[in-house]
Amino acid sequence: MKVLIVGSGGREHAIAWSVSKSPKVDKIYCAPGNAGISEFAECVNIGAMEFEKMADFAEKQEVDLTIIGMDDPLVGGVVDVFEERGLKVFGPRKNAAILEGSKAFSKDLMKKYNIPTAGYENFDDPEKAMEYLRTEARFPIVLKADGLALGKGVLICNTLEEAQEGVKEIMEDKKFGSAGNTMVIEEFMTGREVSVLSFVDGKTIKTMTSAQDHKRAMDGDQGLNTGGMGTFSPSPFYTEEVDAFCRKYIYQPTVDAMASEGRPFKGIIFFGLMLTADGPKVLEYNARFGDPEAQVVLPRMKNDIIEVMEACVDGTLDQIDLQFEDNAAVCVVLASEGYPVKYEKGIPMYGFENFRDKNEYFCFHAGTKFDETGRFVTNGGRVLGITATGRDLKEARKNAYEATEWISFSNKYMRHDIGKAIDEA
Ligand code: AMP
Ligand code: GLY
């Protein structure tokens, strides 16, 4: 088989690694990819939003399966373009990717089908939003831009003044562009966060092992929100009881709701959950693997990823027995000092040879490229995801932090408390 992967981050590197293990696959392409991905895949210079160009490429190279890693092309309808041209593709169509693409849509869906989530109101008029804040809101309160905003469109506001400023930023100043034409105002919840990723074929859902992300830039969950600074899997807080609840009230009901709406979902649903005192509730849905969640979940998956993805496309997921290793994994992101605001790029990195021939250690590339002399240099805020497995979370964490020392670059930055919550479990 020939496989094309669309995206350029640590998630796509983890997907490429996983695909490379499939005995069915003999050629992998990645568009646009990055320096690390080129170890497994031929990187092709096509942007993730160049749908026709990408489909032309898939047709010409006789690609058997295209895997869309990123949210923007999914929400933009890349899957529809591929399907119209008779090309096999893994991911939701545009009318289903809206589950991630519009928070107002997903909140209304949950309300209509009684799927547990925070109370909310949607607004497309800033005046009405301001009035609601003055008259009905309780603080803290959460403001969310409706559309995709690189994971940054969520504001937690402690006071009326902060919230009014937030409405101005999102809806009037359009800080997140058209993503802020509509806004959700949502009840603030407290509890532990867990991410559960799943494979879906339109009707059947198979969940993967749980994971937890660390979204803030600094130790102790301080600093700005980022794409994610590290993950661990499984989450010790995701108990069998929580799992049973979510199966009954969240996972299958979401898949059924999408089917009932005439928007059958095929691909990955990522459930962002909060374990509140009133039980698990949905924080958000994503329509693709999480990043860096994929970097701890995929190294633990036993199945051939191609078989599972083909079953999703063909509607035969019920025949797949999805299995994970009885171990744990921790991923620590090595970022550029100053991320997510301002940072230098093009810095040479050293030490990759330390990962060679070590099955329990992974160095997934997020923002890297080759310079003119063929050296690895940094090319983004999140640079590398250092993942290690271990018999349990403590061992995996120790291994991962040890491996972070094997790589050096002058502006290397990381959090030192990824997976620290394990100690409290
Ligand atoms: P989201 O992109 O919706 O996952 O939101 C980003 C982050 O904001 C989440 O991971 C939570 O930490 C936080 N968050 C979102 N919604 C709420 C809420 N209703 N209550 C408390 N925190 C929230
Ligand atoms: N790590 C969170 C996300 O991928 O959205």
Residues (in a loop (DSSP other than H, G, I, E, B) and closer than 17 Å to R382 by Cβ) located in the stretch 316-358: E337, G338, Y339, P340, V341, K342, Y343, E344, K345, G346, I347, M349
Long-range neighbours under 8 Å by Cβ, at least six apart or interchain, first residue farther than 19 Å from M301 by Cα within the stretch 213-240, second among the β-branched types (V, I, T) and open to solvent by 40 Å² or more (accessible area, probe 1.4 Å): L224/V341; N225/V154
Residue check for K144: at pLDDT 95 or above, within 16 Å of ligand 2 (Cβ to nearest atom) and not β-branched (V, I, T): yes
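Out of the residues in the stretch 209-220 meeting the condition of being in a strand (DSSP E or B) and not charged (D, E, K, R), tell me which one is farthest from ligand 1 (Cβ to nearest atom). Write out each step before concluding.
First, the residues of the stretch 209-220 that are in a strand (DSSP E or B): 209-213, 216-218.
Now narrow it down to the ones that are not charged (D, E, K, R): 209-212, 217-218.
Working: T209: 19, S210: 15, A211: 13, Q212: 10, A217: 13, M218: 15 Å.
Within the stretch 209-220, the match that is farthest from ligand 1 (Cβ to nearest atom) is T209.
In the stretch 1-15, which residues are under 21 Å from the mean Cα position of the chain (by Cα) and part of a loop (DSSP other than H, G, I, E, B)?
If we filter the stretch 1-15 for residues that are under 21 Å from the mean Cα position of the chain (by Cα), which is where we start, we get 3-15.
Hits for the stretch 1-15 are S8, G9.
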Given (1) open to solvent by less than 10 Å² (accessible area, probe 1.4 Å); (2) in a strand (DSSP E or B); (3) over 19 Å from L283 (Cβ atoms), index of the condition K206 fails: (1)
Residue, nearest to ligand 1 (Cβ to nearest atom), within the stretch 270-311, restricted to residues that are of a type in the set (D, E) and surrounded by fewer than 21 Cβ atoms within 10 Å (Cβ to Cβ): E284
Among (1) under 14 Å from E186 (Cα atoms); (2) open to solvent by 10 Å² or more (accessible area, probe 1.4 Å); (3) more than 16 Å from ligand 2 (Cβ to nearest atom), the one test that A163 misses: (2)
Residue tally, condition closer than 23 Å to V81 by Cα, in contact with a helix residue (DSSP H, G or I) (Cβ under 8 Å, 6 or more places away or on another chain) and not charged (D, E, K, R), over the stretch 96-124: 6
Some residue of the stretch 339-358 being among the β-branched types (V, I, T), closer than 27 Å to K152 by Cβ and at pLDDT 95 or above: yes
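The values are calculated or read from the model by the stated rules, or taken from the named source; none is laboratory data. Predicted, not measured: the structure shown is a model, and the values here were computed from it. Don't worry about glycine lacking a Cβ; one is built from the backbone with ideal geometry, like all the others, and counts go over all protein chains shown. The area values use the complete protein model at the heavy-atom level, side chains included, leaving out ligands, DNA and RNA. Shrake-Rupley method; radii C 1.70, N 1.55, O 1.52, S 1.80 Å.
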